[in-house]
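A short worksheet on the structure shown next.
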């Protein structure tokens, strides 16, 4: 690889998934330039990433929606590719602030794709989501149609996918990889970086952690009457380090045109299975209360990951126990003294 082939622009690189991906890219010999506006991330994470990889890197405090600011980086650096993590991501908030979500998530994607075409940067890896499958039956596979989703956040992912597909069809040298995440949890094995959302978390693992810390009295479990192993909802949880490695595999194996891959484990775990595994592995108690189902929640969602296994030579290797242990170790290492 020449210099151009090794330098990647990473948007939202200080967030949960971006920060872990930086570490895996560094291990694989890539160079990178990072932008983040710190709406969903914390500045101290930068120092922790640098501590883990043993060096500093270029970080710009830029909003990916600012085309003029981002274009300066395309002029200054000879990028090989872009990994686009930046975006607003809270489902509940997206229902209350749809304009903000549509503008931020779609405009940033258009800006980056436009600059890639203008500056002949032909590799684009996009953070998408399993929400784009809508209410289709699991296992979900990449040949399924893009569906109407149940919230504005999911719609921004589906719309951005459609935009990137159209741009790729119009530009034969362009390569777009759409990575559809399932449920990333866990943390880096060092305990230095992990999931630490601003405000009240939306996702299950950060809520479990808040109960374990004593910040929240009990975990609310939405429904125990689904057609599942124990009546609670089933999801495909993937360790964030496995997810990060999937991005590196996608960057290495890029091919012309549009490639779509699920990043999950390929099996489902119920809410209660996750709670009991967390309790067992970490020797803590998680009090919970069953409440009514949430509108729009599906009983079972999990991935068919055979395409990523086959095309990228990638598969998730970390266990549910690893995910629970690493999430709690990160939390304990970062508890306010």
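Please go through segment 208-222 and pick out each residue that is farther than 15 Å from residue 291 by Cα and either in contact with a strand residue (DSSP E or B) (Cβ under 6 Å, 6 or more places away or on another chain) or touching a residue at least 12 places away in the same chain (Cβ under 8 Å) (or both). I'd like the intermediate steps shown before the answer.
So the first thing to find is which residues in segment 208-222 are farther than 15 Å from residue 291 by Cα, and the list is 208-216.
Matches in segment 208-222: 208, 209, 211, 212, 213.
Output the residues belonging to segment 118-131 that are closer than 17 Å to residue 108 by Cβ and in a helix (DSSP H, G or I).
In the first step, residues of segment 118-131 are kept if they are closer than 17 Å to residue 108 by Cβ; the result is 118-119, 121, 124-129.
Selection gives 118 alone.
Listed residues 207, 140; which is under 19 Å from the mean Cα position of the chain (by Cα), over 30 Å from residue 49 (Cβ atoms) and surrounded by 16 or more Cβ atoms within 10 Å (Cβ to Cβ)?
Details: 207 fails: over 30 Å from residue 49 (Cβ atoms).
Just one listed residue meets the conditions, 140.
Which one is nearest to the chain's Cα centre (by Cα) among residues in segment 288-314 that are farther than 21 Å from residue 133 by Cα and not in a helix (DSSP H, G or I)?
Result: 314.
Quick check on this structure: which one of 196, 105, 169 is crowded, with 21+ Cβ neighbours inside 10 Å and either out of contact with any strand residue (DSSP E or B) (no Cβ under 7 Å at 6 or more places or on another chain) or within 25 Å of residue 70 (Cα to Cα) (or both)?
Values: 196 fails: crowded, with 21+ Cβ neighbours inside 10 Å; 169 fails: crowded, with 21+ Cβ neighbours inside 10 Å.
Being crowded, with 21+ Cβ neighbours inside 10 Å and either out of contact with any strand residue (DSSP E or B) (no Cβ under 7 Å at 6 or more places or on another chain) or within 25 Å of residue 70 (Cα to Cα) (or both) holds for just one of 196, 105, 169, which is 105.
Could you list, in sequence order, the residues of segment 175-207 that are in a loop (DSSP other than H, G, I, E, B), touching a residue at least 40 places away in the same chain (Cβ under 8 Å) and closer than 22 Å to residue 24 by Cβ?
Hits for segment 175-207 are 182, 186, 188, 189, 190, 191, 192, 193, 195, 196, 197.
Those residues that are assigned to a loop (DSSP other than H, G, I, E, B) and either touching a residue at least 60 places away in the same chain (Cβ under 8 Å) or within 13 Å of residue 178 (Cα to Cα) (or both), I need them from segment 228-260; list them, please.
Taking segment 228-260 first, the residues assigned to a loop (DSSP other than H, G, I, E, B) are 228-233, 236, 253-256.
Within segment 228-260, 228, 233, 236, 253, 254, 255, 256 meet the criteria.
For segment 42-91, give me each residue that is assigned to a helix (DSSP H, G or I), touching a helix residue (DSSP H, G or I) at 6+ places or on another chain (Cβ under 6 Å), in contact (Cβ under 8 Å) with a residue 40 or more places away in the chain and within 25 Å of residue 196 (Cβ to Cβ).
Within segment 42-91, 45, 49, 52, 91 qualify.
Out of the residues in segment 315-337 meeting the condition of being surrounded by fewer than 22 Cβ atoms within 10 Å (Cβ to Cβ) and within 30 Å of residue 142 (Cβ to Cβ), tell me which one is farthest from the chain's Cα centre (by Cα).
My answer is 321.
Does residue 20 satisfy the criteria of being under 16 Å from residue 126 (Cα atoms) and modelled with pLDDT of 95 or more?
Values: under 16 Å from residue 126 (Cα atoms): yes; modelled with pLDDT of 95 or more: yes.
Judged against the criteria, residue 20 is a match.
It is to be established whether one or more residues within segment 261-284 are touching a helix residue (DSSP H, G or I) at 6+ places or on another chain (Cβ under 6 Å), in a loop (DSSP other than H, G, I, E, B) and either surrounded by fewer than 16 Cβ atoms within 10 Å (Cβ to Cβ) or touching a residue at least 12 places away in the same chain (Cβ under 8 Å) (or both).
yes
The values are calculated or read from the model by the stated rules, or taken from the named source; none is laboratory data. Fair warning: this is a prediction, and the values are worked out from it, not measured in the lab. Here the Cβ is made from the backbone with ideal geometry for all residues, glycine too, and neighbour counts use every protein chain on show.
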